[in-house]
Amino acid sequence: MGNSLQGVNRFLTMEVNRIKYPETHWIRSDDREKSLNFYLEQQSKVYSRIKNAFIKELAGNLKDKDFMDYGCGAGFFIIYGAEQQALSITGVDGEEKILDTARYFAEKKGFHRECDFICSETMPSFQEEKKFDVILLKDVIEHVKDDEKLLKNAAGLLKPEGSVIISTQNSFSLNYLLEGSWEYFIKGNKTWCGWDPTHIRFYTPLGLREKLKKAGLKSVEWRSAYIVPYKIPSFPWSQKSFIRIDSLSIIDKIFGRIFPFNQMGWNITVKVIPIR
């Protein structure tokens, strides 16, 4: 299995469906160790830890499951799938260099034989009608121009009882009200789309439900993080750009599963299944 790409159509459409990162960005670095260290440092932040914990919760037990992480980056959830003893683990990303870092990460963890990696700008097609039990779209749909097509393609790769886990930023949130107002009205940044310059849109739970419905999917469980901002601008005289009050993350842990708060965080994560 590992790196053999068995059952994968190698003639993938390399259509650029997103805004690409500049060459100077760490995600496009040739230094795999440096790139991996930066990536793992990001995953260690309390915001990422809570979001990742919610994703794991919604994905459920991956043992003996066919698992794909679309937009896998440097492979945090690829390693998680291997640790969970998933039956097959497929990582897909449009950036070859960060995918090479994911391969390196898998090698360091001793899971390179268990994992397949595919470089593709779009959802890959598979021969022999390969289907998946769980497909992860973590921080992906806000980057993709044709998000409805991506969701439909993901739905088409699911087994009958399979699920897609989607994580994205939410404009129906306190942080959007505060930070968005600052960016739009005070700074005049009318193109602001969150914490990543390659984002092209925000979502709301209602708007996301409508897109899911068009793709033949429906939401069954929601989680949210960063309900109350805990990374705030620092004082003008401080040498730090931000102050982190990580203790406020307890609000996510308490309310992040409870309606309506589970749809009111800056990040929303949702488990979706095919409409029958």
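The values are calculated or read from the model by the stated rules, or taken from the named source; none is laboratory data. Note that the structure is a prediction, hence the values are computed from the model and not measured. We place every Cβ from the backbone using ideal geometry, glycine too, and count neighbours over all the protein chains shown.
Data for the structure
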item: Close pairs from the range 192-213: first farther than 18 Å from A155 by Cβ, partner small (G, A, S) and crowded, with 19+ Cβ neighbours inside 10 Å, Cβ under 7 Å, at least 6 apart; result: F202/G194
item: Matching residues in the range 243-274 - criterion: being surrounded by fewer than 22 Cβ atoms within 10 Å (Cβ to Cβ), among the aliphatic types (A, V, I, L, M) and outside any loop (DSSP other than H, G, I, E, B); result: I243, L248, I250, I251, I254, I273
item: Inter-residue pairs, beta-carbon under 6 Å, first within 17 Å of Q43 (Cα to Cα) and in the range 99-111, second among the hydroxyl-bearing types (S, T, Y), 6+ apart; result: T101/S35
item: Some residue of the range 156-169 being surrounded by fewer than 17 Cβ atoms within 10 Å (Cβ to Cβ) and of a type in the set (S, T, Y); result: no
item: Filtered residue count, the range 141-168, keeping only those that are part of a strand (DSSP E or B) and either more than 19 Å from G216 (Cβ to Cβ) or hydroxyl-bearing (S, T, Y) (or both); result: 3
item: All positions within the range 58-78 that are part of a helix (DSSP H, G or I) and in contact with a strand residue (DSSP E or B) (Cβ under 7 Å, 6 or more places away or on another chain); result: L58, A59, F77, I78
item: Criterion violated by L208 - all others in (1) surrounded by 14 or more Cβ atoms within 10 Å (Cβ to Cβ); (2) in contact with a helix residue (DSSP H, G or I) (Cβ under 8 Å, 6 or more places away or on another chain) satisfied; result: (2)
item: Per-region count, the range 98-113, residues of a type outside the set (A, V, I, L, M) and surrounded by 21 or more Cβ atoms within 10 Å (Cβ to Cβ); result: 2
item: Unmet criterion (only one of (1) hydrophobic (A, V, I, L, M, F, W, C); (2) farther than 16 Å from I165 by Cα; (3) touching a residue at least 40 places away in the same chain (Cβ under 8 Å)) for V134; result: (2)
item: Number of positions in the range 115-132 that are buried (at least 21 other Cβ atoms within 10 Å of the Cβ) and under 22 Å from I273 (Cβ atoms); result: 3
item: Residue count, the range 176-191 (criterion: buried (at least 17 other Cβ atoms within 10 Å of the Cβ) and modelled with pLDDT of 95 or more); result: 1
item: Some residue of the range 48-55 being assigned to a loop (DSSP other than H, G, I, E, B), in contact (Cβ under 8 Å) with a residue 60 or more places away in the chain and more than 25 Å from E114 (Cβ to Cβ); result: no
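Here's the yes/no breakdown for (1) basic (K, R); (2) closer than 30 Å to G81 by Cβ:
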{"site": "L136", "(1), (2)": "no, yes"}
{"site": "I141", "(1), (2)": "no, yes"}
{"site": "V164", "(1), (2)": "no, yes"}
{"site": "T168", "(1), (2)": "no, yes"}
{"site": "L174", "(1), (2)": "no, no"}
{"site": "K187", "(1), (2)": "yes, no"}
